[in-house]
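Okay, structure first, notes after.
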Amino acid sequence: MENNETLDTYNRSARELAKFYARAGSRVSHIEQALELAGKNDGSGRALELGCGDGRDAIDIIKRTETYTGIDYSTGLIGLAKAFLPTADFRVVDMQNFDYPAHAYDVIFAFDSILHLDKESVKQLFSDAARSLKVGGVFYISTKYARGYRKEWKEDKHGKRLFFYYPPKMLADLSKDHYEVVTSEVKKIRNKLWIEIALRRK
């Protein structure tokens, strides 16, 4: 991460931010799409979630997979996740420092999480995650959209956070060494434009 202010905000305002993001609604359709693209819509999939937050999407992933691991660098959010789903495998770890096990997962989810990484970090993340995805596995990402790459500091009642916005072509270019784009679309969520992109491991 570029600095610790974003992390401090998530730790300090974890409960309030979890309530705010819950208003975005269910991601079941995205979860099922990713599993289907990976050929794992039979409940046998192994999933990793990057930036799992308070576990709000974990419950729907767990119902549809054989194994699930969720990581987040916020102790505050992981605390909420463990209280919500006590038996789930949640870990406090930065996705940039996670020890990605070789060929361990069929699907990796990153909902609203790479938006805190700059383009150099995202490119490295694609490489790191590729080690853990089985060939044909899917990396499913939801992140903030912009016509051109840019960063923005946002300060509100929760605190200060740093965001990076991406055009879809840049994500395709940053990931092309290890993935092919399977689906990519721009959607309006919470009155903001978001990219929903599925990448398949070559």
message: Being part of a helix (DSSP H, G or I) and among the acidic types (Asp, Glu) is the filter here; which residues of the range 89-147 pass it?
response: GLU120, ASP128
field: Per-region count, the range 45-76, residues over 14 Å from the mean Cα position of the chain (by Cα) and not in a loop (DSSP other than H, G, I, E, B)
entry: 7
field: ASP106 under 26 Å from PHE163 (Cα atoms), surrounded by 15 or more Cβ atoms within 10 Å (Cβ to Cβ) and at pLDDT 95 or above
entry: no
Checking ALA83 against (1) part of a helix (DSSP H, G or I); (2) of a type in the set (Gly, Ala, Ser); (3) within 16 Å of the chain's Cα centre (by Cα), the condition it does not meet: (3)
query: Residues ASP54, ASP72, ASP60: which one is over 30 Å from LYS202 (Cα atoms), surrounded by 15 or more Cβ atoms within 10 Å (Cβ to Cβ), of a type outside the set (Val, Ile, Thr) and modelled with pLDDT of 95 or more?
result: ASP54
Restricting the range 22-35 to residues that are touching a strand residue (DSSP E or B) at 6+ places or on another chain (Cβ under 9 Å) and in a helix (DSSP H, G or I), the residue that is farthest from ALA88 (Cα to Cα): GLN33
message: Could you check the range 75-88 and list, in sequence order, the residues that are surrounded by 14 or more Cβ atoms within 10 Å (Cβ to Cβ) and either aromatic (Phe, Trp, Tyr) or under 20 Å from ASP60 (Cα atoms) (or both)?
response: LEU77, ILE78, GLY79, LEU80, ALA81, LYS82, PHE84, LEU85, ALA88
- request: Report yes if TYR166 is at pLDDT 95 or above, buried (at least 16 other Cβ atoms within 10 Å of the Cβ), of a type in the set (Ser, Thr, Tyr) and more than 17 Å from THR67 (Cα to Cα), otherwise no.
  value: yes
message: Here are the criteria: (1) under 26 Å from ASN4 (Cα atoms); (2) in contact with a Lys or Arg (Cβ under 6 Å, 6 or more places away or on another chain); (3) buried (at least 22 other Cβ atoms within 10 Å of the Cβ). Tell me which single one LYS154 does not satisfy.
response: (3)
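Sort out which residues of the range 45-87 are small (Gly, Ala, Ser) and either in contact (Cβ under 8 Å) with a residue 24 or more places away in the chain or closer than 20 Å to VAL182 by Cβ (or both), and write them in order of number. Even if it seems obvious, please write down each step before you answer.
Kept after step one, since they are small (Gly, Ala, Ser), are these residues of the range 45-87: 45, 47, 51, 53, 55, 58, 70, 74, 76, 79, 81, 83.
Residues satisfying the conditions are GLY45, ALA47, GLY51, GLY53, GLY55, ALA58, SER74, GLY76, GLY79, ALA81.
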query: In the set ALA47, ALA18, ALA24, which member is at pLDDT 95 or above and either touching a Phe, Trp or Tyr at 6+ places or on another chain (Cβ under 9 Å) or over 21 Å from ALA104 (Cα atoms) (or both)?
result: ALA47
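The values are calculated or read from the model by the stated rules, or taken from the named source; none is laboratory data. As the structure is a prediction and not an experimental result, all values here were calculated from the model. Glycine gets a Cβ as well: all are built from the backbone with ideal geometry, and neighbour counts include every protein chain shown.
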